[in-house]
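The values are calculated or read from the model by the stated rules, or taken from the named source; none is laboratory data. Keep in mind that what you see is a predicted model, and the values were worked out from it rather than measured. Virtual Cβ from ideal backbone geometry, glycine too; neighbours counted across all protein chains shown. To get the accessible areas, we keep the full protein, side chains included, count just its heavy atoms, and leave off ligands, DNA and RNA. Shrake-Rupley method; radii C 1.70, N 1.55, O 1.52, S 1.80 Å.
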Amino acid sequence: MYTEFIHEYLLMGHMKQVPEECSEKPVYYMPHHAVLRPDSTTTKLRVVFDASCRTSTGLSLNDALMVGPVVQDPLLAMLVRFRLHRIAAVADVAKMYRMVLTQPGDHPLHKIVWRDSKEEPIKIFELTTVTYGTASAPYLATRCLKKLGEDCATTHPVASDVILHDFYVDDMLSGADNIKEAKLLVKQVEEVTNSAGFILRKWNSNSPELLRSIPKKMRDDRSVLDLQSSSTTVKTLGLQWNVTADEFQFSFPQWKSDAASITKRSIHSDAACFLTLWD
């Protein structure tokens, strides 16, 4: 799965092989590792690039990057507004960070090494898109999405409002008051996001009629959805939306029956996941 992920990265043009003797300065090599998510409906394995790894200078790439401001609406306000609509609709952007190209001059700062097997020589690659694991990634991706919403205000006013106010990182939480408006929302948002390579997938809704208007391969047929951000800085773990009952729910940690394994530290850690949401 790890090898398939790397090959996809190369095939989609999200990285390129470079000669070993390439001597641009400065350069930075990112370690990377795999994270398995068995419960994911799409990507079971995600590769995380460690841009916080310090070099011989004592600094990492993330030490030299600006994080950037938050450009999207607060999560709590979005969740409350989301359920003011009679017809709710959710979706997320496929590979959102990787849909945003970086400047060629920055590519030497996004080097990785890879080989498919230990019998092969090590190859050097440069990542060419916004990289998950870099400090500026959330800002760069969300700012591009916001710019897209601003640019379509005249031609696609419904989509513009949704993109500017109903996205949290790559997750869309929106809706409409009737089925006609909901179908228009889906049509306009898809037209705009598709034009920039931000493909919306995992559509779900409390309206079966709206779902039927969306291609089956783009739907998420689960009845309970996790509403958790993919951002590395905000924890919203535990909040779920029951599509059938149209209710918000929390998933609580399953502590072991052995009392000795439960500590003050573990309780505070689990509690913080919920408290952060309402902060």
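Please identify, among Ser266, Ser56, Ser40, the residue showing maximal mean-square fluctuation in a Gaussian network model of the chain using a 10 angstrom Cα cutoff.
Result: Ser56 has the largest fluctuation of those listed.
For the chain, with a Gaussian network of springs between Cα atoms less than 10 Å apart, report the residue from Ser52, Ser207, Ser195 with the top mean-square fluctuation.
Ser195
Please name which of Tyr29, Tyr139, Ile267 has its Cα lying farthest along the dipole of the chain towards the positive end, using unit charges on Cβ (Lys, Arg +1; Asp, Glu -1) and the Cα centre as origin.
It is Ile267.
For region 68-112, what does the alpha-carbon gyration tensor say about shape, rounded, prolate or oblate, given a ≥ b ≥ c as the root eigenvalues, a/c under 1.5 as rounded, and a/b over b/c as prolate?
Prolate shape, in that a/c is at least 1.5 and a/b is the bigger ratio.
Just the number please: accessible area per residue for the chain, 1.4 Å probe, all protein chains included, in Å².
56
What does the charge count near Leu211 come to, summing +1 for each Lys or Arg and -1 for each Asp or Glu among other residues with Cβ under 10 Å from its Cβ?
Every neighbour counted, the sum reads 0.
For Leu84 and Glu119, calculate 0.36 nm times their separation in residues minus their Cα-Cα distance, and state this gained length in nm to one decimal.
Once the chain is fully extended between Leu84 and Glu119, it gains 6.8 nm.
Structure shown: which of Lys44/Lys95; Lys95/Lys180; Lys180/Lys217 lie over 25 Å apart, alpha-carbon to alpha-carbon?
Cα-Cα > 25 Å for Lys95/Lys180; rest within.
In straight Cα distance, which lysines are under 16 Å from Lys25, not counting same-chain residues fewer than 8 positions off?
Straight-line reach from Lys25, under 16 Å: Lys111.
Applying 1/(1 + (r/R0)^6) with R0 = 45 Å to the Cβ-Cβ distance of Asp63 and Ala153, what FRET efficiency is obtained, to the nearest 0.05?
Efficiency at R0 = 45 Å is approximately 0.75.
Could you state the angle between the C-alpha long axis of helix 179-195 and the longest principal axis of the C-alpha atoms of the chain, as a value from 0 to 90 degrees rounded to the nearest 10?
For helix 179-195, the angle is close to 10 degrees.
Within region 1-34, list the GluC sites (Glu not before Pro) lying in a DSSP loop whose Cβ has at most 14 other Cβ atoms in a 10 Å radius.
Glu20, Glu21, Glu24
Okay, helix-only estimate at 222 nm for the chain: each DSSP H run of n ≥ 4 adds -39500 (n - 2.57), divide by all residues, round to 500 deg cm²/dmol; what do you get?
When only DSSP H runs of four or more count, the value is -8500 deg cm²/dmol.
Pop the C-beta distance of Thr263 and Arg37 into the FRET formula with R0 = 25 Å and round what comes out to the nearest 0.05.
0.45
Among (i) 18.3; (ii) 17.5; (iii) 16.4, find the value of mean projected area of the Cα convex hull in nm² that was calculated from the structure presented, and write down its label.
(i)
Could you work out what % of the accessible surface of region 1-141 is carbon and sulfur, using a 1.4 angstrom probe and leaving DNA, RNA and ligands out of the count?
Using a 1.4 Å probe with all protein chains present, region 1-141 comes out at 61 percent carbon and sulfur.
Starting from 0.36 nm per residue, how many nanometres of slack lie between Ser213 and Lys180 once their C-alpha separation is accounted for?
10.8 nm
What do you get for trypsin sites (Lys or Arg not before Pro) in region 33-118 restricted to DSSP loop and a cutoff of at most 16 other Cβ within 10 Å of the site's Cβ?
Of the trypsin sites (Lys or Arg not before Pro), the ones in loops of region 33-118 whose Cβ has at most 16 other Cβ atoms within 10 Å are Lys44, Arg54, Arg83, Arg86, Arg115, Lys118.
Given springs between every Cα pair under 10 Å in a Gaussian network model of the chain, which of Val70, Val158, Val90 has the largest fluctuation?
Greatest mean-square fluctuation among the candidates belongs to Val70.
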